[in-house]
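To start, the structure itself, in structure tokens.
Bear in mind these aren't lab numbers, they're just calculated from the coordinates by the rules spelled out. Treat the numbers as computed from the prediction; the structure is a model and nothing was measured. So basically every Cβ, Gly included, is an ideal-geometry build from the backbone, and we count neighbours across all protein chains shown.
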Amino acid sequence: MTNLNRILRSPDIVDGVDPLDIPCNDIDTSFPLAPASIYSFECTKAEKTTKKDDESRELIAYTLTNTSTITSTKGEHMPPGSLSLIGRVSITPSDKMDNRAIAKNIARVVKGLGLNLTPRQVINDPSTLVGGKGDWKVKLRPETNEFPARNELGDPVIRG
């Protein structure tokens, strides 16, 4: 009986119904969306990876997570840590992008995170970005036939 009372008082139980017992077709699968604006983020993950369609092209993928509460487009509170967006920087030179362009792109990320690193340091150890903090633009993309409405990471706000 004690276990049943604990379960019934669980914040996951709504009107005595466990969400795990609701048919999937009746569950709202949408997530809160942040309005397009500038928000504060912290880099929580950074790693070297490759492009899905061309494994010869290396990238640095970094994850930024919000550090303050955001009010969603529907008025819901999105607490710190609830919005994670991924950015990518190519680190493989090509006809369109030489080492100078790669250095500039990495420098935008480093400056946007308030860090002082060289592009080579980031390429050799992407985890040096983790813990960096800064303000970044967030885009709100409308729903299309292929994708639901979604947030995307925009440019960093570089001051000074």
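Here is how the numbers come out for the structure above:
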read-out: D (Stokes-Einstein, µm²/s), Kirkwood Cα radius, the chain, 0.692 mPa s at 37 °C; value: 180 µm²/s
read-out: Cβ charges +1 (Lys, Arg) and -1 (Asp, Glu), total dipole of the chain, debye; value: 940 debye
read-out: Cβ-based net charge around Glu42, under 13 Å, with every Lys or Arg adding one and every Asp or Glu removing one; value: +1
read-out: Whole-number percent relative contact order across the chain, with pairs defined as alpha carbons under 8 Å at least 6 apart; value: 24 percent
read-out: Residues Val122, Val157 arranged by fewest to most Cβ contacts within 10 Å; value: Val157, Val122
read-out: Equivalent ellipsoid, the range 119-160 (semi-axes from 5 times Cα gyration tensor eigenvalues, Å); value: 29, 15, 8
read-out: Gap separating the Cα centres of the range 18-58 and the range 104-160, nearest whole Å; value: 15 Å
read-out: Within the chain, longest stretch clear of exposed trypsin sites (Lys or Arg not before Pro) (DSSP loop, no more than 15 other Cβ within 10 Å); value: 97-158
read-out: Likely footprinting exposure, Val17, Val138, fewest C-beta neighbours within 10 Å first; value: Val17, Val138
read-out: Residue among Pro148, Ile106, Ala36 farthest towards the positive dipole end of the chain, charges placed on Cβ; value: Ile106
read-out: For Leu117, residues with placed amide H under 5 Å, excluding near neighbours; value: none
